[in-house]
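Participant: One structure is given below, represented as structure tokens, and several questions about it will come after.
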Amino acid sequence: GGANALTMDNFPVLPSNGFLNTIWLGNYSLVTKCNSTIKEVNTNATIVAPEQIKQQTLGEARFLRAYAYFNLVRYFGSVPLIDSLFSDPAAQNNVPQSSAAQLYAFIESDLTFAAANLPLTWDAKFAGRVTRGAANGLLAKVYLTQKKWAAAQAAAQAVMASGVYDLSTPYDKIFREEGENSRESIFEV
């Protein structure tokens, strides 16, 4: 693991790096789970929930899918864009790669939807659950990665103007258990 970790930190990351397969599989597993959730919310008539709850659920799934694709595009560049489940699972083995531009447009779309449909905060019992601030924060990072400065500024401003976050947690506590999910935390895993 040590040599794999060093090349991840110091570059170049070679195809032989043992961490790459784990990153690929983990992120595509998350994409599949999100696509499954999206399909169920949109098509399963036995799900009884108010429309707002369904939209929040879709927002959470689309945030996580965007997060996975953001990881994939940064590590691998062009990757297959899979935005739904396949009736024949073998068909997903032949999906062509999408360009980085196509992937970023997809990520932006998912995060924009998430930001519009997620709450500003959750009850304390749901600490760590994805919020509007997390969607806008990740969207700002996506824009920064693409050098879309004005869009990044607008997304970051939406986080700052929400009144939910600030830099008040003492530095000696922020990286300890007592600092988890503090007002400085926009998205924690």
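The values are calculated or read from the model by the stated rules, or taken from the named source; none is laboratory data. What you are looking at is a predicted structure, and each value in this text was computed from that prediction instead of being measured. Because the Cβ atoms are built from the backbone with ideal geometry, glycine has one as well, and the counts that use them run over all protein chains shown. Accessible surface is based on the protein model in full, side chains and every heavy atom, while ligands, DNA and RNA are left aside. Shrake-Rupley method; radii C 1.70, N 1.55, O 1.52, S 1.80 Å.
Participant: Can you confirm whether segment 6-29 contains a residue that is more than 17 Å from the chain's Cα centre (by Cα), open to solvent by less than 30 Å² (accessible area, probe 1.4 Å), among the hydrophobic types (A, V, I, L, M, F, W, C) and over 24 Å from Arg129 (Cα atoms)?
Facilitator: Yes - at least one qualifying residue is present in segment 6-29.
Participant: Let me ask something else about it. Check whether at least one residue in segment 135-145 is open to solvent by 30 Å² or more (accessible area, probe 1.4 Å), among the small types (Gly, Ala, Ser), under 30 Å from Ser84 (Cα atoms) and within 19 Å of the chain's Cα centre (by Cα), and report yes or no.
Facilitator: There is no residue in segment 135-145 that is open to solvent by 30 Å² or more (accessible area, probe 1.4 Å), among the small types (Gly, Ala, Ser), under 30 Å from Ser84 (Cα atoms) and within 19 Å of the chain's Cα centre (by Cα).
Participant: Suppose we keep only residues that are open to solvent by 50 Å² or more (accessible area, probe 1.4 Å) and among the hydrophobic types (A, V, I, L, M, F, W, C) within segment 114-134. Which one would you say is farthest from the chain's Cα centre (by Cα)?
Facilitator: Out of the qualifying residues, it is Ala124.
Participant: In the list Val13, Val48, which residue meets the criterion of being part of a loop (DSSP other than H, G, I, E, B), under 17 Å from Leu72 (Cα atoms) and among the β-branched types (Val, Ile, Thr)?
Facilitator: On the way: Val48 fails: under 17 Å from Leu72 (Cα atoms).
Criteria check complete, one pass: Val13.
Participant: Would it be correct to say that Thr57 is in a helix (DSSP H, G or I), without any contact (Cβ under 8 Å) to a residue 40 or more places away in the chain and surrounded by 15 or more Cβ atoms within 10 Å (Cβ to Cβ)?
Facilitator: yes
Participant: Moving on. Taking segment 70-103 only, how many residues are among the hydroxyl-bearing types (Ser, Thr, Tyr) and either in contact (Cβ under 8 Å) with a residue 40 or more places away in the chain or in contact with a Gly (Cβ under 9 Å, 6 or more places away or on another chain) (or both)?
Facilitator: Total meeting the criteria: 3.
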